[in-house]
Amino acid sequence: MTTPLEQHQAEIQQNLGSWRSRPLLQQIYAGFYRRILGCLDISIPGRIVEVGSGIGNLKTHLPSSLTTDLFPNPWLDLVCDGYELPFQSGSLSHLVLFDVFHHLRAPNAFLSEARRALCPAGRLVLFEPYISLGSLPAYGLLHHEPVGWQSPIDLSQTLPRPRDYYAAQGNATRLFFHREIPGWPEGWRILHAEAFSCFHYLLCGGYSKPALYPARLLKTLESLDASLSRFPRLFGGRCLIALTPV
């Protein structure tokens with residue numbers, strides 16, 4: 001059974017209402033965006049494009065970025081599909097995907113299109129769930145998206161239409177850290193691959209669950225996460241990956 005692609009738009013509308021009423025979540029995501037900005041090289045010529053922008057928060061931290069998604073919303077700059085980017089070849093400096101990679105049913109098909117659109121020194125930056133012993137219960141039991149830990153990953157070079165809603169939260173962990181497919185991704189060099197503890201995020205309730213701690217304890221939990229990040233396979237909950245074409 002497949003889920004219609006319109007599920008994505010429904011989740012965006014739900015998330016927008018939650019975002020506006022959750023200042024703790026906004027603070028946490030601000031920290032995530034600072035990590036993403038640290039992987040950008042603004043000296044590279046070309047536009048910075050976010051694929052799958054959702055409620056469009058990257059632009060708050062990077063006003064020059066171009067925000068895109070599958071469905072039109074007033075805060076977005078462009079409607080487009082990540083498998084068919086409407087940009088000239090070699091015209092982009094960066095592609096940023098925040099919680100989007102695990103929605104790509106055919107990651108190789110997207111990577112081929114990303115490589116076409118990026119300039120030779122361009123960067124693809126991914127921010128994703130990281131599945132560890134500590135985070136698996138949260139992602140597996142408290143999140144509506146499947147982890148997909150044992151599911152086969154589609155390595156097709158194309159993804160024909162019609163396309164449906166897909167999610168497998170464990171894909172980035174499997175591909176970039178466990179290296180389940182040797183030599184993958186072909187044609188790319190990994191510049192940065194970091195997994196880190198983020199219980200301050202996992203316990204905040206996200207967009208739909210109640211927070212399990214008060215906002216005044218955020219800094220304390222962030223300090224604890226900084227220490228636990230030395231053991232990502234035990235405590236990791238998020239990861240940041242930067243790649244460049246070769």
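For the reader, a short list of remarks on this structure follows.
- Computed over the chain, Kirkwood Rh from alpha-carbon pairs, angstrom: 18.5
- Segments 105-111, 50-56 sorted - mean Cβ within 10 Å per residue, highest first: 50-56, 105-111
- Prolate/oblate/rounded call for the range 11-100, Cα gyration tensor, a/c under 1.5 rounded: oblate
- Phi-based couplings in Hz for the range 69-82 (Karplus 6.51, -1.76, 1.60; Gly and Pro marked x): 6, 6, 10, x, 9, x, 8, 9, 8, 7, 9, 7, 9, x
- Kirkwood hydrodynamic radius (C-alpha pairs) into Stokes-Einstein, the range 92-224, 37 °C and 0.692 mPa s, D in µm²/s: 199
- Accessible surface of Trp149 - all protein chains present, 1.4 Å probe, nearest 10 Å²: 80
- Residue-normalised accessible area of the chain, given per residue in Å² at a 1.4 Å probe: 47
- Carbon plus sulfur fraction of accessible area for the chain, probe 1.4 Å, in percent: 58
- Largest GNM mean-square fluctuation among Val49, Val79, Val125, using the chain with Cα springs under 10 Å: Val79.
- For the chain, adding -39500 (n - 2.57) for each run of n ≥ 4 DSSP H residues and dividing by the number of residues yields -8000 deg cm²/dmol at 222 nm.
- Relative contact order (percent, whole number), the range 20-115, Cα cutoff 8 Å, 6+ residue spacing: 26
- Spatial extent of the range 58-156: Rg and Dmax, with the Cα atoms as the point set, Å: 15.3, 43
- Amide proton proximity set for Ser53, modelled H, under 5 Å, gap of 5+: Thr68, Asp69
- The antiparallel fraction among DSSP beta bridges confined to the chain stands at about 55%.
- Check: the chain dipole with +1 on Lys, Arg Cβ and -1 on Asp, Glu Cβ, in debye: 600
The values are calculated or read from the model by the stated rules, or taken from the named source; none is laboratory data. From a predicted model like this one, the values you see are computed outputs, not experimental measurements. Cβ: placed from backbone, ideal geometry, glycine included. Neighbour counts: every protein chain shown. Only protein heavy atoms, including side chains, enter the accessible area calculation; ligands, DNA and RNA are left aside. Shrake-Rupley method; radii C 1.70, N 1.55, O 1.52, S 1.80 Å.
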